[in-house]
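Okay, structure first, notes after.
The values are calculated or read from the model by the stated rules, or taken from the named source; none is laboratory data. What you see is a predicted model; the values in this text were computed from it and never measured. Cβ atoms come from the backbone with ideal geometry, glycine included; neighbour counts cover every protein chain shown. For accessibility, only protein heavy atoms count, side chains too; no ligands or nucleic acids. Shrake-Rupley method; radii C 1.70, N 1.55, O 1.52, S 1.80 Å.
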Amino acid sequence: MSAIRKRKRRRKVVCVFTSTRAEYGLMRPVIHRLRDVYDVRILVAGMHLSPGFGNTVEDIRNDGLQVHKCVETLMESDSPVAVSKSMALGLIGFADFFADIRPDLLMVLGDRCETLAACCAALNQGVPIAHINGGETTEGSPNEAVRHAITKMSHLHFTGTEIYRQRVIQLGEAPERVFNVGALALETIMLTDLMSKEKLAESLGIELDKPYAVVTFHPTAPEQADVAKQFSQVLKALQKHRELKYVFTYAKAGVHERTVNRMIENFAVEPRSNAAAFTSLDTISYLSAIKNSAMVVGNSSGGIFEAPVLGVPTVNIGDRQKGRLQSGSIINCPPIMDAVDAAIRKALDPGFLKSTEYRSALYGDGESSTRIATAIEAFLQGGQESRRKEFYDLL
C-alpha cells in the first residue's frame, strides 16, 4: 500500500466585496448560497466602517458571517478630491488583500467608487470579477460611468432585466457570460419577514400615528450650492404636507453628501416637521418602512425597485434614476417645490395606484441567487481558459 497520500483539493475562494448596508442586503442570499460550496471571504470597506453611517459591518457579523478584512476608505471630507483619495486608500488595502489570499473570483454589486477601486486591484492581480446589476443607466448620477467601467473589467455579468443584459453585450461582453437573473431586490423581499407598522414604530423608537413617507435624497449636482438649492426645494414641498410624517435615511457617502445630511438633521429637529432621521436602516427595517408607508420620496433606487414590488407609490425626483425601467407607480418630477408638491398630491390620491399597471415582469421571479450561484460554479469549473476575454463585436 502506497504511503503517499492524496493531497486534499483546495476549496475555491470567492471574495465578496461590500461597502454599504443596502448593497450587502441585496447580496446576502447569494453569499449564503455560495458558502455551501466555496470558501467565501468577505471584504468590507466604505460606509460599513463609519460610526456616522451606523457601523453597519456589525450587520454582517450578526448574520453569522465572518468579515475577513476591513479596509478604511472614508475621508473626513466629502469633496471630489476626498472621494479620489478614498479610492486611492482603498486601492492600497485591496491590493494587499488580494495578494494575500489570491481568490478565484471577486463578486461585486453596483457602481460605487470604492467598488471600482476594488475591481482595479483585482484586475491587476488577475482575479476574475463577477458583477451584479450591470447594464443599467442612471443618467443623472456620476456613478453611471463607474458602473460601465466595472462591466468592462468583469468576466461574469448578472443583470436585472433582459434589456440590461443586452446593454452589457452592447458594451462588448460575450453573450454566454451575461445572465439575466432578475432583481435581487425581489428575492430579498420574498425572503424577508416584514414588520407591521406598530412593530416598526416600536423598533425605530418613533410614533407612526399617521401616514408617512420614506425620504432618501442623494446629491447629484457637482456644486455644493446647487445640491443645497435642490434639496431645499424638496424640503419646502414636504413642509406643505402636514398630514404626513417623514422617515429620512441619510445620503450615502459621496460628493457633498454631508450637505444633504446636515439639512436632514436641521429639518428633523424642527418642531413642526413631523420627521425622524436615521443614518441607515437594516434590511428588515427599511423594507418594512417602505411597505407600511404612504409613499417613497427622493431619488434612491429603493423607489425604483423595492417600492413598486411592495405596492407603494414613488415620487422620483430629478434625473438620478433616469434610464432605469420603471413601473407605473413611479411619478417623476424635477427638484422644484411646486413639482414635488404636485407629485406628492398625486401619490396620495387613493385612485392613483389602482390606475397604474404593475409591471411584475420587470423584476423576475425571485430566484436570482440560484442563477448567480449556478453560473459562478460553471465558470470556476472552466479553469484558466474561462478567464480569457475577447471583445464581442456586434457587427
query = When the convex hull of the C-alpha atoms of the chain is computed, what volume per residue in Å³ does it have?
reply = 153
query = In this model, which of K245/K291; K197/K252; K197/K245; K236/K322 are farther than 18 Å apart at the alpha-carbon?
reply = K197/K252; K236/K322
task = Could you order T374, T151, T283 by accessible surface area, starting with the largest, using a probe radius of 1.4 Å?
result = T374, T283, T151
remark   = Whole-Å distance linking the alpha carbon centroid of the range 83-153 with that of the range 186-224 is 28
key: Tail beyond 21 Å, pair distance distribution of the range 258-370 (Cα, percent)   = 43
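Taking a quarter of the surface of the Cα convex hull of the range 1-112, what do you get in nm²?
About 8.8 nm², averaged over all directions.
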message = Show me, for the range 331-347, the HN-Hα J-couplings you get by feeding each phi into the Karplus relation (A = 6.51, B = -1.76, C = 1.60, θ = phi - 60°), rounded to Hz, glycine and proline as x.
response = 10, 9, 7, x, x, 10, 3, 5, 5, 5, 4, 5, 5, 5, 4, 5, 5
query = What is the dipole size for the chain, taken about its Cα centre, with +1 at each Lys and Arg Cβ and -1 at each Asp and Glu Cβ, in debye to the nearest 20?
reply = 980
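Which residues make up the longest stretch of the chain clear of GluC sites (Glu not before Pro) that lie in a DSSP loop with no more than 16 other Cβ atoms within 10 Å, not counting the sites?
In short, 244-356.
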query = Given the protein chains as shown and a 1.4 Å probe, how many square angstrom of I101 are accessible, to the nearest 10?
reply = 30
ask   = Given H placed on each backbone N at 1.01 Å, which residues far from L109 in sequence or on other chains put an amide H within less than 5 Å of it?
value = I132
ask   = Which one of R165, R320, R345 has the biggest mean-square fluctuation once the chain is modelled by GNM with Cα springs under 10 Å?
value = R345
For the range 16-22, Karplus couplings with θ = phi - 60° (6.51, -1.76, 1.60), whole Hz, Gly/Pro x = 10, 9, 8, 10, 9, 4, 4
remark   = Listed by chain and number, the lysines with an alpha carbon less than 16 angstrom from that of K152, same-chain partners under 8 positions apart left out, are K389
message = Of T216, F179, G303, which is farthest towards the positive pole of the chain's charge dipole, taken about the Cα centre with +1 and -1 on the beta-carbons of Lys, Arg and Asp, Glu respectively?
response = F179
